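First comes the structure, then the notes that go with it.
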Amino acid sequence: MPRPPSYGKASIGDLLSSAAAVLGHAGSRNVLGLPAAPRICVVLVDGLGKSLLAKRAAHAPFLRTVLADDSGGSHPRTLHAAFPSTTATSLSSLGTGQVPGQHGMVGYDVLDPGQDKVVNLLGNWDGGVDPLRWQPFPTIFEQLAGSVPTTTVSLPKFADSPMTRAALRGSEFRGATSSHARVEAAAEALAATPKALVYLYWSELDKAGHSHGADSPQWERALEELDAGMKRLAATAPANTLILLTADHGMVDVPRSARVDYSQHPELVAGVRHTAGEPRMVHLYLDDGATAAGRDALMSAWLERYGKLAWVLTRDQAVDAGYFGEVRDEVRGRIGDVLVLARESVAFYDMRRVRPQAMEVVGQHGSITKAEREVPLLRIPVTGKPAGGRRR
């Protein structure tokens, strides 16, 4: 099994908290060793794995130069996504500085033990789940309230979404649909005050990857757009801004032939009450009264059929290995009794509960392979005017 993410050392959850420490927040530690700066802009590119950036660097000449030149300073050049390597989990770690076992966003969709039903934690939030109770820890933005102006620049639809309220609440929200407008909004927010923390969310790459794959011309064009956007941000941000680019997870392409409906095999769902998670990180929740022998039989069935393609482990094994970090009692029941983690280019679906369109997704993530969990941390040098200069 791969090692757990480097929580507290070099993970996505350490980035905003380190930035807060740089900006003077006494309750945060700069564990990443970020350099001093009065303004910090964190750019989160959904789906940009470090290996993908290296492989497609020819389509990102500006970022390729940054990657080659960023050799000074003590900060790491690689971060680990949270586990599972999915947006809801990593953004919650980013926004709170907490590990998944604490903030409780332990998958794309997971079991809500209180309702005994599977709930979605990203775009289709369940009406019976209060975001502030599900994720009760204060965000980094809330911790900085009154001392450092904070701004989120993202798509307008996320302004008051349950996901935002759970993981990224507490900042001024500026919505903009186009990537160009978001870059402009971020630069304006940075220039508006002498001290600032700006979070800029970039969604287009992940969308292209899911629809067409990371090995597609559409993904390459989305990377080219990102490259041009970062070049514009570097040219328009105040000169004393620290711009940091990272991602919430990587991505692997899964061929159609390797997208498996495991519900067709009765032995793979025997004794299973609920299924949830990502197709590359499946949560299996057992029936009430399930025995250890029944659980072991289920795991043996999975290993016999897919043992060369996936890791299969119990909740206790995953928790003890540190995959979720330290786990609160309230969160433990949200994690499957049995977890199936893809290790090759394969995806597992329960077609009894997901729509047929789910089978059309090409680029996927969720597991703990290197391609999915390693994301870049790039320090982009500012090439624009000094802070306080007039901007057109």
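If the condition is being open to solvent by 10 Å² or more (accessible area, probe 1.4 Å) and within 19 Å of residue 168 (Cα to Cα), then segment 181-205 contributes 185, 201, 203.
Residues of segment 297-347 that are buried (at least 16 other Cβ atoms within 10 Å of the Cβ) and either of a type in the set (Asp, Glu) or part of a strand (DSSP E or B) (or both): 310, 311, 312, 313, 314, 337, 338, 339, 340, 341, 342, 347.
In the list 88, 57, which residue meets the criterion of being of a type in the set (A, V, I, L, M), free of Cβ contacts under 8 Å to residues at least 60 places away in the same chain and buried (at least 16 other Cβ atoms within 10 Å of the Cβ)? None of the other options fit; the residue is 57.
Scanning segment 94-124 for residues that are outside any loop (DSSP other than H, G, I, E, B), closer than 20 Å to residue 332 by Cα and of a type outside the set (A, V, I, L, M) yields 96, 100, 101, 102, 103, 109, 112, 117, 120. Within segment 78-85, is there a residue that is farther than 24 Å from residue 369 by Cβ and either part of a strand (DSSP E or B) or of a type outside the set (Phe, Trp, Tyr) (or both)? No: zero hits. Is there a residue in segment 58-74 that is aliphatic (A, V, I, L, M), part of a loop (DSSP other than H, G, I, E, B), at pLDDT 95 or above and within 16 Å of the chain's Cα centre (by Cα)? Checked against the condition, which is being aliphatic (A, V, I, L, M), part of a loop (DSSP other than H, G, I, E, B), at pLDDT 95 or above and within 16 Å of the chain's Cα centre (by Cα), segment 58-74 yields no hits at all. Pairing each residue of segment 314-338 that is closer than 23 Å to residue 302 by Cα with any residue that is open to solvent by 50 Å² or more (accessible area, probe 1.4 Å) and not in a helix (DSSP H, G or I), provided the two are 6+ apart or on different chains, yields C-beta distances under 6 Å for 333/113. Take segment 219-265 and flag every residue that is part of a loop (DSSP other than H, G, I, E, B) and of a type in the set (Asp, Glu). Within segment 219-265, just 248 meets the criteria.
Of the residues 73, 107, which is in contact with a Pro (Cβ under 8 Å, 6 or more places away or on another chain) and either under 22 Å from residue 183 (Cα atoms) or open to solvent by 30 Å² or more (accessible area, probe 1.4 Å) (or both)? So that I can check it myself, show each step before the final result.
On the way: 107 fails: either under 22 Å from residue 183 (Cα atoms) or open to solvent by 30 Å² or more (accessible area, probe 1.4 Å) (or both).
Within the list 73, 107, the selection yields 73.
Among residues of segment 176-189 that are without any contact (Cβ under 8 Å) to a residue 24 or more places away in the chain, those with a beta-carbon under 6 Å from a residue that is of a type in the set (A, V, I, L, M) and surrounded by 16 or more Cβ atoms within 10 Å (Cβ to Cβ) at least six positions away or on a different chain give the pairs 176/185. Among the residues of segment 1-11, none qualifies, meaning not one is under 15 Å from residue 143 (Cα atoms), hydrophobic (A, V, I, L, M, F, W, C), surrounded by fewer than 24 Cβ atoms within 10 Å (Cβ to Cβ) and at pLDDT below 95. Mind listing just one residue for me: the one in segment 348-369 that is closer than 18 Å to residue 284 by Cβ and of a type in the set (Ser, Thr, Tyr) and, of those, surrounded by the most Cβ atoms within 10 Å (Cβ to Cβ)? Selected residue: 367. I want to confirm something. Restricting to segment 225-234 and keeping residues that are open to solvent by 50 Å² or more (accessible area, probe 1.4 Å) and over 21 Å from the mean Cα position of the chain (by Cα), which single residue is nearest to residue 186 (Cα to Cα)? Looking at the filtered set, the residue picked out is 232. Screening the candidates 31, 22, 99, 42 for the property of being open to solvent by less than 10 Å² (accessible area, probe 1.4 Å) and at pLDDT 95 or above yields one hit, 42.
Test residue 65 against the criterion of being open to solvent by less than 40 Å² (accessible area, probe 1.4 Å) and either among the hydroxyl-bearing types (Ser, Thr, Tyr) or more than 18 Å from residue 244 (Cα to Cα) (or both), and give yes or no.
Details: open to solvent by less than 40 Å² (accessible area, probe 1.4 Å): no; either among the hydroxyl-bearing types (Ser, Thr, Tyr) or more than 18 Å from residue 244 (Cα to Cα) (or both): yes.
So residue 65 does not fit the description; no.
Exactly one residue out of 293, 270 is more than 30 Å from residue 13 (Cα to Cα), in contact (Cβ under 8 Å) with a residue 24 or more places away in the chain and not in a strand (DSSP E or B): that is 270.
Filtering segment 135-172 down to residues that are in a helix (DSSP H, G or I) and more than 17 Å from residue 106 (Cα to Cα), which residue is most open to solvent (accessible area, probe 1.4 Å)? Top of the filtered list is 157. Suppose the filter is more than 18 Å from the chain's Cα centre (by Cα), within 23 Å of residue 279 (Cβ to Cβ) and open to solvent by less than 20 Å² (accessible area, probe 1.4 Å); does residue 121 pass it? Criteria not met by residue 121.
The values are calculated or read from the model by the stated rules, or taken from the named source; none is laboratory data. Not measured: the values here are computed from a predicted model. In this analysis, Cβ positions are derived from the backbone assuming ideal geometry, glycine residues included, and neighbour counts consider all displayed protein chains. Accessible surface areas use protein heavy atoms only, side chains included; no ligands, DNA or RNA. Shrake-Rupley method; radii C 1.70, N 1.55, O 1.52, S 1.80 Å.
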